[in-house]
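The values are calculated or read from the model by the stated rules, or taken from the named source; none is laboratory data. Computed from a predicted structure; not experimentally measured. Backbone-built Cβ (ideal geometry, glycine too); neighbour counts: all protein chains shown. The accessibility values were calculated without ligands, DNA or RNA, using every heavy atom of the protein model including side chains. Shrake-Rupley method; radii C 1.70, N 1.55, O 1.52, S 1.80 Å.
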Amino acid sequence: MSFQRARTDEQREIRRRAILDVASAMLDEMPVAAVTLNELSRRVGLAKPNVLRYFESREAVLLELLDHFLQEWLTELAGELAAGIDESLPMAERATAVAEILSRSLSGRAVMCDLFGAQGSVLERNVSVEVVTRYKRASLDRLTAMTALIQKHLPELGENATLFSLQTMVMAGALSAYSTPPPSLQAAYQAEPDLARFHLKLRDYLKPALTATLLGVLPR
């Protein structure tokens, strides 16, 4: 991929989108930690200083990409919940169904979960106040949207829907780190199968965790 100098707002937006698309493709091939600005620049076809004209760091690229993934996911989640929740069911059964849909949906978005897991410890560390403030404002919008979805199907949660929504993403991010072990760890698991109990498959562990959390915060 190669570019001429961007001279218009439309051309600059096309270039920003290209950088994000290439970063997304890289995440399909490698973990978050392996995505470097040098390799991103090479694949985009721009010199590193030119990439920095659009994003101040690789973390800024990944934060914007994470927000894009969250928007897409929430749009799809709305349909999945609407199709999968019978509003006539008792509260506990609806809660179990919500936990099942969330765990299934999130486990199908491993890259988003990996990014969320890296958010606090990595991605928010090498960005300016302006960038992280903009991202956090967007995150509040996503949290509000997710809370509304949960409350729609479990109105009994009330204000606890916000806490549950945040806990869901934190758990998905934390568990994702254990669901995709590096090659050396995979080899260790194969050599000593007893060690594989530390290989936590995202969906298998997220569902009971979300179910327990939901049932714990629902009114009795």
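Each residue in the stretch 45-103 was checked for being β-branched (Val, Ile, Thr), closer than 19 Å to Thr213 by Cβ and open to solvent by less than 50 Å² (accessible area, probe 1.4 Å), and 3 of them qualify.
Scanning the stretch 51-87 for residues that are part of a loop (DSSP other than H, G, I, E, B) and either aromatic (Phe, Trp, Tyr) or under 14 Å from the mean Cα position of the chain (by Cα) (or both) yields Tyr54, Phe55. Residues in the stretch 108-160 that are over 17 Å from the mean Cα position of the chain (by Cα), farther than 20 Å from Gly84 by Cβ, of a type in the set (A, V, I, L, M) and open to solvent by less than 40 Å² (accessible area, probe 1.4 Å): Val127, Val131. Residues in the stretch 11-44 that are surrounded by fewer than 13 Cβ atoms within 10 Å (Cβ to Cβ), in contact (Cβ under 8 Å) with a residue 40 or more places away in the chain and of a type in the set (Gly, Ala, Ser): Ala33 alone.
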